[in-house]
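A short worksheet on the structure shown next.
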Amino acid sequence: MKLISAGAAQTVTGSSHLLELCGKKILIDCGLFQGPREIEARNYEPFPFEVSELDAVLLTHGHLDHIGRLPLLIKQGYQGPIYTIHATKAISKIILLDAAKIQLEDYERALRKAKRSGRESEISEPLFGNGDVDKTLAAFRLVDFEQPLDLGNKVIAHFRPAGHILGSAFIELDCPDGRIIASGDLGNRESAVQEDATLPRECDAVIVETTYANRSHRSLDATLIEFHDVLRNSIKAGGNVLIPSFALERTQNILYHLKNMIKAGDIPQMPVYLDSPMAAKMTGLYSRCANEFVPEIRERLSDGEDPFFPETAKFTISSAESRKINDIDGGAIIIAGSGMMTGGRIVHHLKHNLWRREASLVIVGYQAEGTLGRRLINGAERVRIFGESIVVRAGIHTIGGFSAHADKDDLLRWLKATGKARIYMVHGEPEVMSEFERSLHQLDREAIMVAQNKFYDLP
Ligand SMILES: [Zn+2]
């Protein structure tokens, strides 16, 4: 059995791992590299395997960093099946079409700018377009959780719930040579929405994500108390409350908590705008898929209640509706993307609210270095938005406890169930993995930090 990683090796994006077992070549995920330009440049590099020789692609979940290079695989001649859970197919369609649209817009904008300045455009052509996405989606084959999938040569795959986002799975592969498990992204046991990840079976090798393998998340109770306090004080200040949010998972979590708080009278009945067409689509999926959620949400959905739609919610889809929100100078909660404030409708709302002393910005997600979100957390007194200098007078609050990823304790508990399996660490920063490796050594577990494009012989 062999492993070669084509991404998410000593970094957190570009997830893609090729497994060879019993004569079959199976690719787990085919994600996009995201982040600074030098990382994104890797999307243009060739895959470290012969695309036409792949037998199957198996997807763990629909995040862009796990599916975003699928259209490249198809463009380069892959004609086999892409197996996944039903919800992941629905999510992938929304995510890939959005990625194609953004790439085209960025490319055309750069081209126009270059023309005006009389220089050559520096931006590369889009990686893929809508047509490539359509061809990719046509290759999808649906599988159910816990059902055996026969991949030939006695290789059997099982998709098991990973508790990370809607549709997320980890994958167990069995064949006469042994058993390999690939974790995909594992969920946070303190999620209020997703059921915990299923525990894996004992195996020979396990490929595990390590995004937050060196830290412990704050408890859900403590996070909710903090979130509630921040909201109450922000609402009291009288201005608008802006919540930048990722369209998938974080938005649905925030809507769910807001609905509960409004219902319980913990915060006043006030308009909640979800100003993101993509997040609205994702929320629609969450409202239609009950089986992966905690029992309380499952029951509410089967009773005909939508736990992701506060009574006072308005989902604004058109740009005209979105612009109308600019006229509101206080008393509304506005949720919009992008999550790190690098683009999207949230930027317009920041321009209209950051200068107001009574407004509040409540940050509920990770803000990478170099983003507008990070500058605001770091206390920037002024920011440039659409060429305008905006003074920052609004209250800036960070709620760190919401995470869709397993922490160190979650990972150790999950890995314990794999018995004596050799551990291959992926999807993490090297410092985080080194720290985690030491914890694993104390438990007598052997762990390897996987390097990209390198062959590993699995036990
Ligand atoms: Zn993920």
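The values are calculated or read from the model by the stated rules, or taken from the named source; none is laboratory data. It should be emphasised that the depicted structure is a prediction, and the values quoted were computed from it without experimental measurement. Cβ sites come from the backbone with ideal geometry, for glycine too, and all protein chains shown count toward neighbours. Each accessible area value is taken on the protein alone, full model and side chains, heavy atoms only, with ligands, DNA and RNA left out. Shrake-Rupley method; radii C 1.70, N 1.55, O 1.52, S 1.80 Å.
Among the candidates Asp266, Asp275, Asp221, single out the residue that is free of Cβ contacts under 8 Å to residues at least 24 places away in the same chain and either within 21 Å of Phe402 (Cα to Cα) or assigned by TED's automatic domain parsing to the domain that holds Glu195 (or both).
Only one candidate passes the filter, namely Asp221.
Considering Asn130, Asn214, which residue is crowded, with 18+ Cβ neighbours inside 10 Å and away from the ligand (no atom under 16 Å from the Cβ)?
Asn214
Search the stretch 165-191 for residues that are farther than 21 Å from Thr283 by Cβ and pair each with any residue that is of a type in the set (D, E, K, R) and within 13 Å of the ligand (Cβ to nearest atom) when their beta-carbon atoms are under 6 Å apart and the residues are at least 6 apart or on different chains.
As it stands, the answer is Ser183/Glu209, since those pairs meet every condition given.
Return the only residue of Gly373, Gly365 being within 16 Å of the ligand (Cβ to nearest atom) and either touching a Lys or Arg at 6+ places or on another chain (Cβ under 6 Å) or in a helix (DSSP H, G or I) (or both).
Just a single option satisfies the conditions, and that option is Gly365.
Among Thr13, Thr84, which is the only one that is buried (at least 18 other Cβ atoms within 10 Å of the Cβ), in a loop (DSSP other than H, G, I, E, B) and within 14 Å of the ligand (Cβ to nearest atom)?
After applying the criteria, what remains is Thr13.
Restricting to the stretch 376-421, count the residues that are part of a strand (DSSP E or B), surrounded by fewer than 18 Cβ atoms within 10 Å (Cβ to Cβ) and out of contact with any helix residue (DSSP H, G or I) (no Cβ under 8 Å at 6 or more places or on another chain).
4
Before we move on, is Thr418 in the same structural domain as Gly184 (by TED's automatic domain parsing) and β-branched (Val, Ile, Thr)?
yes
Taking the stretch 141-186 as the region of interest, how many residues are within 26 Å of Gly14 (Cβ to Cβ) and open to solvent by 10 Å² or more (accessible area, probe 1.4 Å)?
Counting residues in the stretch 141-186 that are within 26 Å of Gly14 (Cβ to Cβ) and open to solvent by 10 Å² or more (accessible area, probe 1.4 Å) gives 11.
Just to be sure, is Tyr44 away from the ligand (no atom under 16 Å from the Cβ) and under 23 Å from the mean Cα position of the chain (by Cα)?
yes
Out of everything in the stretch 52-64 that is within 22 Å of Lys93 (Cβ to Cβ) and away from the ligand (no atom under 16 Å from the Cβ), what residue ends up being surrounded by the most Cβ atoms within 10 Å (Cβ to Cβ)?
Result: Val57.
Could you tell me whether the stretch 99-120 includes any residue that is assigned to a loop (DSSP other than H, G, I, E, B), touching a Ser or Thr at 6+ places or on another chain (Cβ under 8 Å) and away from the ligand (no atom under 14 Å from the Cβ)?
The answer is no, given that none of the residues of the stretch 99-120 is assigned to a loop (DSSP other than H, G, I, E, B), touching a Ser or Thr at 6+ places or on another chain (Cβ under 8 Å) and away from the ligand (no atom under 14 Å from the Cβ).
State yes or no: is Glu146 within 24 Å of Arg288 (Cα to Cα) and either within 16 Å of the ligand (Cβ to nearest atom) or assigned by TED's automatic domain parsing to the domain that holds Leu19 (or both)?
So Glu146 passes the test.
Here are some residues: Asn260, Asn188. Which one is modelled with pLDDT of 95 or more and within 16 Å of the ligand (Cβ to nearest atom)?
Asn188
Only one of Leu96, Leu19, Leu70 is away from the ligand (no atom under 16 Å from the Cβ), buried (at least 17 other Cβ atoms within 10 Å of the Cβ) and at pLDDT 95 or above. Can you tell me which?
Being away from the ligand (no atom under 16 Å from the Cβ), buried (at least 17 other Cβ atoms within 10 Å of the Cβ) and at pLDDT 95 or above holds for just one of Leu96, Leu19, Leu70, which is Leu19.
Considering every residue within the stretch 198-208, establish whether at least one is modelled with pLDDT of 95 or more, of a type in the set (Ser, Thr, Tyr) and within 15 Å of the ligand (Cβ to nearest atom).
no
Name every residue in the stretch 427-459 that is among the β-branched types (Val, Ile, Thr) and under 24 Å from Gly178 (Cβ atoms), in order of residue number.
Ile448, Val450
What number goes with the only condition from (1) touching a strand residue (DSSP E or B) at 6+ places or on another chain (Cβ under 7 Å); (2) within 16 Å of the ligand (Cβ to nearest atom) that Glu172 does not pass?
For Glu172, the failing item is (2).
When residues of the stretch 175-185 are filtered for being within 16 Å of the ligand (Cβ to nearest atom) and part of a strand (DSSP E or B), how many remain?
Adding up the residues that qualify gives 1.
Restricting attention to the stretch 333-362, report how many residues are open to solvent by less than 10 Å² (accessible area, probe 1.4 Å) and outside any strand (DSSP E or B).
Total satisfying the criteria: 8.
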